[in-house]
Amino acid sequence: MENILELQQVSKTFPKSGFKLDNVTFSLPYGSISGFVGENGAGKTTTIGCILNTVIKDSGTVRLFGREMGDEDTDMREEIGVVFDGDNFPAYWTARQLAQVMEGIYAKWDNSLFQKYLEDFHLPARQKIRHYSRGMTMKLALAAALSHHPKLLILDEATSGLDPVMRDEILDVFLEFVQAEDHSILLSSHITSDLEKVADYITFIHNGRIIMTVSKNDLVYHYAVLRCKESQFHALDPGDIIAYRKRDFQIDVLVPDGNEAGRKYKDVIADHVSVDEIMLLLVKGERV
């Protein structure tokens, strides 16, 4: 079994808003971290809801650990750790009370591990969660998600609200987690610099549709943006163009292989760029 998570043609329509999750298909291999990227409202949280069965999909299949999950599959839920962007727990609880509740929910709850995370993350166990900062509440949610020994972490903006130093420490926790070959992480984030550090794959979603899934190494080392004059743009082979965007005096063109494009179009500058700029071209750019 190669993939811990597989989505095939998953669709969900919300008639009131008109938003549609449209035939979403991607997979997450064992032992890897996959970034899930898109602008606000692109469908990331809805997709995660379909994965967790908290949003009832209209069609398609979601397989976790090789099978579909129903409401009765509590054994599968034991293997999934989840952190949402927002309030994960009642504000009047303390971390100590949270541990008592979680111990009654998860058969593999590890209170010693939870206490270690509280210490590592500098979280007071007896202080009410409503007195935590946003960053502290995210760290608490992550500590709880990790402390029942899941195999799959699903994280919706889990590094949001953290300062750069703490984000770096959290990313180290993620990398340590996937050292186990049967562990994986789906990391939805708008902080693409985090994904550049830890992700093995990145899936781009826009307007409810998957634009593409690509390995992070391909994005960093192969994908590039050509800075073209209009005459140079019209001379490009359309088969080389993923997306393009017109600016004031140039046209930026996303290509899958910057080195090859540099050899093919010697008068055009080819820049290797950040995931941010690639996402901007995919979302705001046009197709040939």
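The values are calculated or read from the model by the stated rules, or taken from the named source; none is laboratory data. The model shown is predicted, which means the values in this text are computed figures rather than measured ones. In this analysis, Cβ positions are derived from the backbone assuming ideal geometry, glycine residues included, and neighbour counts consider all displayed protein chains.
Side notes on the structure shown:
- Residues of the range 249-274 that are within 12 Å of R227 (Cα to Cα) and touching a residue at least 40 places away in the same chain (Cβ under 8 Å): V268, I269, A270, D271, H272, V273.
- Going through (1) over 18 Å from the mean Cα position of the chain (by Cα); (2) farther than 23 Å from A143 by Cα one by one, W93 falls short only on (2).
- You will find that of P15, P29, the residue that is farther than 29 Å from R134 by Cα, at pLDDT 95 or above and surrounded by fewer than 18 Cβ atoms within 10 Å (Cβ to Cβ) is P29 and no other.
- Residues that are of a type in the set (K, R) and surrounded by 17 or more Cβ atoms within 10 Å (Cβ to Cβ) within the range 69-97 comprise just one, R77.
- When the range 176-214 is filtered for residues that are of a type in the set (S, T, N, Q) and either free of Cβ contacts under 8 Å to residues at least 12 places away in the same chain or out of contact with any Phe, Trp or Tyr (no Cβ under 7 Å at 6 or more places or on another chain) (or both), the ones remaining, listed by number, are Q179, S189, T192, S193, N207.
- Among the residues of the range 84-124, just one is closer than 28 Å to F36 by Cα, touching a strand residue (DSSP E or B) at 6+ places or on another chain (Cβ under 6 Å) and not hydrophobic (A, V, I, L, M, F, W, C), namely D85.
- Residues considered: V10, V24, V37. Of these, the only one that is closer than 25 Å to T74 by Cβ and either out of contact with any Gly (no Cβ under 8 Å at 6 or more places or on another chain) or buried (at least 22 other Cβ atoms within 10 Å of the Cβ) (or both) is V10.
- Strands (runs of 3 or more DSSP E) within the range 163-248 that include 2 or more residues aliphatic (A, V, I, L, M), in contact with a Leu (Cβ under 7 Å, 6 or more places away or on another chain) and surrounded by 20 or more Cβ atoms within 10 Å (Cβ to Cβ): 184-188
- Scanning the range 54-76 for residues that are closer than 17 Å to Y30 by Cα and basic (K, R) yields R63, R67.
- Wholly enclosed helices (runs of 4 or more DSSP H) of the range 33-109 bearing at least 1 residues closer than 20 Å to Y201 by Cα: 44-52
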